[in-house]
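Below is one structure, written out as C-alpha cells; comments come after it.
The values are calculated or read from the model by the stated rules, or taken from the named source; none is laboratory data. In this text the structure is predicted, and so the values were computed from the model without any measurement. With ideal geometry, Cβ positions are generated from the backbone for all residues, glycine too; neighbour counts draw on all protein chains shown. Ligands, DNA and RNA are excluded from the accessible area calculation, which covers all protein heavy atoms including side chains. Shrake-Rupley method; radii C 1.70, N 1.55, O 1.52, S 1.80 Å.
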Amino acid sequence: MWLKRCFPEDGKMMSLKRTLGIALFISKRGFRAWVSYISSLLGTVWFLVIFYVLGGIKLVPHVLVGAVVASIFGSCIVSSTYDAYYKAIGLKDLFLASPLSSIEFRFGIALGYLIPTFIQATPYLILLFIFSKPSIYSVPLMALLIIVLWLIAVLTGYMIPSTDFMSLGPRISLVSKILTITPPIYYPLDILPMYVRPLAYIAPTFNISELMKTVLGIVPAQADHVLKCTISLLVETIIILYLIYNKKE
C-alpha cells in the first residue's frame, strides 16, 4: 500500500512503465543474438593480440576501452534502424494506437538495446578495472560516460538521413565502423603523428574514450585535454541534435 502512495500511477509513472515495457520487449532480441557477442569477442581478442605484440601489456587497457566503446556504440546506434523497420511493417502504428507516445516508443527501443549490450560489455569493464588504476570516483564517472555514449550512439543513428529503412542499416553500419575504428580508441593518441592528433577530437567516440581512459588512470589527467574532450563532445552533441531536428523523413 505504501508503494502506491509513494508512487501513484499518474502520467509520469505510467510513461515510465510503458517505456520499460518496450525496452524489455526489445531486449529479448538482443539476448537471443548470442552469435553477435561471440563476433565482438573475437574482434576484441584480435585487437588484444595485435596491440600486445606491438606495444606489450601497456596497450591492453586501451584495447579494452575500445571494446567497451565499440560494443555499446555499435549496438545502440542501430536502434533507429529498428524504429524505421517497425514503422515499415506497421508494428509501430500498433504500439502507438495505445497510450504509448512516439517518444516513449523510441526511448524504449534505445533502452532495450542498452540492456543486453551493457551485459556484453561487462567482462571488458571488469578487466579494465583490473588492468587500470581506478580511483574511488571511477565507477560513478564510468557509469555517467556509458550513459553519454549510449545517448550519442542513439542520436547519431537518428541523425543519418534515409528515406528507406533497407538502406538505413548499411549506412548506420558504415558510420559506426568509421567512428569506432578510425579514431585512436583502441590505442593511445600519442601514437599518431602530431599534426594528425587534433583531427581525433572530431569523433565523439574518441572524446568519450579519452575521458574513460582519464577516469581509469590509463592516461594522465591533464586539464586542457579533458576540457578539449568535454567541449568537443558538447559541440558535437549540439550539431547532432540540430541535424536531427532538420532531418527530412
The condition from (1) modelled with pLDDT of 85 or more; (2) under 23 Å from residue 59 (Cα atoms) that residue 121 misses is numbered (1)
When region 117-137 is checked residue by residue, the ones that are in a helix (DSSP H, G or I) and aromatic (Phe, Trp, Tyr) are 118, 124, 129, 131
I need the helices (runs of 4 or more DSSP H) fully contained in region 45-114, keeping only those with at least 2 residues that are modelled with pLDDT of 75 or more. 60-76
Name the residue that is modelled with the highest pLDDT, counting only residues in region 132-147 that are surrounded by 16 or more Cβ atoms within 10 Å (Cβ to Cβ) and polar (S, T, N, Q). 138
Name the residues in region 173-205 that are of a type outside the set (A, V, I, L, M, F, W, C), open to solvent by 40 Å² or more (accessible area, probe 1.4 Å) and in contact with a Pro (Cβ under 9 Å, 6 or more places away or on another chain), would you? 190, 197
From 214, 205, 182, grab the single residue that is of a type in the set (S, T, N, Q) and either in contact (Cβ under 8 Å) with a residue 24 or more places away in the chain or touching a Phe, Trp or Tyr at 6+ places or on another chain (Cβ under 7 Å) (or both). 205
Close pairs (9 angstrom Cβ cut-off, 6 or more residues apart or separate chains): of a type outside the set (A, V, I, L, M) in region 133-144, surrounded by fewer than 16 Cβ atoms within 10 Å (Cβ to Cβ) and in a loop (DSSP other than H, G, I, E, B) anywhere: 133/217; 134/217; 135/217; 138/217
Can you name every residue in region 224-249 that is among the aliphatic types (A, V, I, L, M) and over 17 Å from residue 135 (Cα atoms)? 227, 231, 233, 234, 235, 238, 239, 240, 241, 243, 244
Kindly provide the set of residues from region 206-237 that are open to solvent by 30 Å² or more (accessible area, probe 1.4 Å) and within 17 Å of the chain's Cα centre (by Cα), ordered by number. 230, 234, 237
